[in-house]
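In what follows, a structure is listed as structure tokens, so that the remarks can point back to it.
The values are calculated or read from the model by the stated rules, or taken from the named source; none is laboratory data. Computed from a predicted structure; not experimentally measured. Backbone-built Cβ (ideal geometry, glycine too); neighbour counts: all protein chains shown.
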Amino acid sequence: MTFVVFLGALGGAMALGVPIAFALLVTGAVLMITSGQFDATLLSQKIVEGADSFPLLAIPFFMLAGELMNAGGISRRIVDFALAWIGHIRGGLGIVAIVAAVIMAAISGSAAADAAALVAMLIPMMRRAGYDVPRAAGLISAGSVIAPVLPPSIALIVFGVIANVSIGKLFMAAIVPGLMMGLALLVTWLWVARKEPASRQPRFPMAQRLRITLRAGWALAMPVAIVGGMKFGIFTPTEAAVVAVVYAFVVGMFVYRELSWDMLYPLVLSAAKASATVVFLIATALVSAWLITVSEIPQQVSDMLQPLIASPTLLMLAMMVLVVVVGTALDFAPTLLILTPILMPIVREAGIDPVYFGVLFVMNNAIGLITPPVGIVLNVVCSGARITMGQLMKGLWPFLIAELVVLLLLVLFPSLVLVPLRWLF
């Protein structure tokens, strides 16, 4: 009965167009009322407690680092570097898009930001070279969703806070799955573009390649510095976010000289607005998570999934299918915030490693960003490439299937995540 009340209150609020953060609050209040313990003071205290978390400090800093990276020329130099070395081969611009997406993912952590940057830089070149634009746009869409998986991922931070799982372990465990997504896209692109009639880009002379690589060196060193610092225990994920901001600021301002003091205020304001939205969402989600636990909703869901708990692989497969289905109707944040407190007790009861589950859960939610009709990345790419949603979906399907195959492999073979995690952490 409590589970029905939860779904009814949440679904009703969202159907009325209530923003997800307030829908979670409404759901929490309804759960308190039905249990006969409504207390507005307690509700407000739980909101404050939800936002009062040291790891959450990483979110505004990583968002600011992403803003500084794009404005300071770091993103453009990453694309220039990939273009100089592999742009001349058959389908080279597609490979450039994949390589740039992986490198940028290891810096920004935002799928929408990476998609917008890659579309703006690469689609005009690919259109002029004669590439199939919907296919190219589909590749960029699929490549951009690597960003929420590879560290420094804001989604992994959010999951770690809600599920009380080590963010450092999540970051290290996500490296191999993120790279596997990039490899799957590369193989798929080479297959679908083998008869691509596009003209090849001119081969860069070796001297020019070296000059471009030297100019891009500071940009390429950024993900190495961030991930390497966390791997060797030099700083925590939260401290890494501050390092990323300082690095992006210094490089953009004093090395590339594309940042100016006048640009800083709008960039900080944009990052602050985005961070406030995310942190408020997390705070309200933690209120709902507390009430979900008190109302024993996970136990009710666990009872429904009881036949699968004895088989962790089947349970993981069932949960991943659930997330794929939910992801077609809900955006990334609502799916992550609503399902995490419901599924985590079941994961622990079944003896599934919470870090392993978290990586696959976030990856699945990231893939949801490119599943219609809600996927936000689809809208960003359609706007930037000036194509319709139908055209984009026609070009996207091979790459979407490739990423779902990677997800299935990780479900069937958990060691692909757990073995590298033991080495990296």
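Observations on the structure shown:
- Selected residue [touching a Pro at 6+ places or on another chain (Cβ under 8 Å), of a type outside the set (A, V, I, L, M, F, W, C), buried (at least 21 other Cβ atoms within 10 Å of the Cβ) and at pLDDT 85 or above] from Gly143, Gly160, Gly94: Gly160
- Pair list, Cβ < 8 Å and 6+ apart or interchain, from the range 345-371 residues that are at pLDDT below 90 and surrounded by fewer than 19 Cβ atoms within 10 Å (Cβ to Cβ) to residues that are part of a helix (DSSP H, G or I) and polar (S, T, N, Q): Pro345/Thr293; Pro345/Gln299; Pro345/Ser302; Glu349/Ser302
- Scanning the range 36-84 for residues that are of a type in the set (D, E, K, R) and more than 23 Å from Ala155 (Cβ to Cβ) returns Asp39, Arg76, Arg77, Asp80.
- Condition met for Ala101 (at pLDDT below 85 and within 15 Å of the chain's Cα centre (by Cα)): no
- Residue within the range 191-209 that is over 24 Å from Leu64 (Cβ atoms), among the polar types (S, T, N, Q), touching a residue at least 60 places away in the same chain (Cβ under 8 Å) and in a helix (DSSP H, G or I) present: yes
- Of all residues in the range 104-116 being more than 11 Å from the chain's Cα centre (by Cα) and at pLDDT 80 or above, the one that is nearest to Ala136 (Cα to Cα): Ala115
- Condition met for Met14 (modelled with pLDDT under 75 and closer than 25 Å to Cys382 by Cβ): yes
- Selection status of Ala225, within 17 Å of Val99 (Cα to Cα) and assigned to a helix (DSSP H, G or I): no
- Members of the range 15-41 that are surrounded by 13 or more Cβ atoms within 10 Å (Cβ to Cβ), free of Cβ contacts under 8 Å to residues at least 12 places away in the same chain and not β-branched (Val, Ile, Thr): Pro19, Phe38
- Checked against the criterion of being closer than 17 Å to Ile162 by Cα, within 19 Å of the chain's Cα centre (by Cα), at pLDDT below 80 and polar (S, T, N, Q), the candidates Thr340, Thr293, Thr277 yield just one match: Thr277.
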